[in-house]
Amino acid sequence: MPSQIELLVQLQQVDQTLRANTQAVGAGEQRVAELEDAYRTKAAATDQARTVATALSARQRELEERLSAAESKMKDRRMRITRIRNDKELGLARREVDLLKEEITGLETELQQVYEQVEAATAGLAGLEGELKGLAEAREAEAVALKDTIARLGADIERDRSRRQALIDTVDAALRQRYEMILSRRGGLAVVPVRDGTCQGCRMRVPPQLYNQIQRNDQVILCPSCQRMLHWEPAQEEASE
Ligand SMILES: [Zn+2]
């Protein structure tokens with residue numbers, strides 16, 4: 001029948017494993033959530049870039065149609081000029097051709113700019129789509145890995161929870177309360193071994209009288225310096241001797 005301090009050592013081991021496994025699952029879940037966020041942000045940017053590219057393409061088509069219309073009008077007016085005999089009419093027709101020339105030059109200049117913008121927008125969109133695909137793949141891979149982790153650790157966590165409950169049932173209620181209190185105050189370490197007469201929690205030497213008591217491992221003794229519960233590890237003491 002293990003003593004109370006031996007039960008507390010076991011309880012702390014189970015608690016440490018439980019904490020590590022729960023943290024591993026939590027870290028995996030957080031990683032998937034981060035990738036999910038990154039994906040959503042990138043997807044929004046991609047949608048916006050697609051809207052811009054679509055609007056630019058529409059503008060390009062509109063300018064091309066206007067240019068084509070102005071060019072056929074100009075062709076038509078030039079043919080008419082050859083048939084005009086009246087000076088006044090000729091002057092008006094030439095003025096119209098000049099205006100059309102101006103319009104065509106303006107449209108060509110604007111189209112050139114739009115072509116460049118369309119090219120840049122298309123390249124930008126392709127880049128974003130590539131990044132988005134990469135993020136989707138990373139998220140997928142991470143989700144699969146997390147599923148594995150949960151499957152692997154889930155059973156361990158379940159087993160440790162029942163072990164913890166079984167141990168708690170055998171530990172004295174007041175001691176358990178004290179254990180929980182030290183655990184929360186002392187960064188997850190409530191029970192520490194004594195080696196070579198030194199508390200391994202705070203590295204202070206324990207008084208010789210206390211040391212003899214600890215070696216019996218039959219009662220719960222607190223370190224006078226850090227207040228952690230002390231236990232004796234014979235195997236390690238022998239190994240160090
Ligand atoms: Zn100590």
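The values are calculated or read from the model by the stated rules, or taken from the named source; none is laboratory data. Just so it is clear, the structure is predicted and the values come from calculations on it, not from any experiment. Heads up, the Cβs are rebuilt from the backbone with ideal geometry, glycines too, and the neighbour counts pull from every protein chain shown. Surface areas here come from the heavy atoms of the whole protein model, side chains and all, with no ligands, DNA or RNA. Shrake-Rupley method; radii C 1.70, N 1.55, O 1.52, S 1.80 Å.
Summary table below
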item: Hey, LEU189 open to solvent by less than 50 Å² (accessible area, probe 1.4 Å) and on the phi < 0 side of the Ramachandran plot or not; result: no
item: Filter pass, ALA45 being within 18 Å of ALA145 (Cα to Cα) and either surrounded by fewer than 16 Cβ atoms within 10 Å (Cβ to Cβ) or touching an Asp or Glu at 6+ places or on another chain (Cβ under 9 Å) (or both); result: no
item: Every residue from the range 56-82 that is under 42 Å from the mean Cα position of the chain (by Cα) and surrounded by 12 or more Cβ atoms within 10 Å (Cβ to Cβ); result: LEU56, SER57, ARG59, GLN60
item: Positions within the range 189-225 being in a loop (DSSP other than H, G, I, E, B), within 15 Å of the ligand (Cβ to nearest atom) and under 17 Å from GLN12 (Cβ atoms), in sequence order; result: LEU189, ALA190, GLN200, GLY201, CYS202, VAL220, CYS223
item: Matching residues, the range 157-186, being within 16 Å of the ligand (Cβ to nearest atom) and either on the phi > 0 side of the Ramachandran plot or open to solvent by 60 Å² or more (accessible area, probe 1.4 Å) (or both); result: ARG178, MET181, ARG185, ARG186
item: Selection count where residues are touching a residue at least 60 places away in the same chain (Cβ under 8 Å) and hydroxyl-bearing (Ser, Thr, Tyr), scope the range 111-160; result: 2
item: Filtered residues of the range 88-101 (kept if exposed (fewer than 13 other Cβ atoms within 10 Å of the Cβ) and among the small types (Gly, Ala, Ser)); result: GLY91
item: Count of residues meeting criterion [small (Gly, Ala, Ser), assigned to a helix (DSSP H, G or I) and under 24 Å from VAL171 (Cβ atoms)] in the range 3-45; result: 1
item: Matching residues, the range 226-237, being more than 11 Å from the ligand (Cβ to nearest atom) and open to solvent by 40 Å² or more (accessible area, probe 1.4 Å); result: GLU233, PRO234, ALA235, GLN236
item: Criterion violated by ARG85 - all others in (1) free of Cβ contacts under 8 Å to residues at least 12 places away in the same chain; (2) open to solvent by less than 60 Å² (accessible area, probe 1.4 Å); (3) more than 30 Å from VAL25 (Cβ to Cβ) satisfied; result: (2)
item: So GLY154, is it out of contact with any helix residue (DSSP H, G or I) (no Cβ under 7 Å at 6 or more places or on another chain) and either open to solvent by less than 60 Å² (accessible area, probe 1.4 Å) or closer than 26 Å to ASP37 by Cβ (or both); result: yes
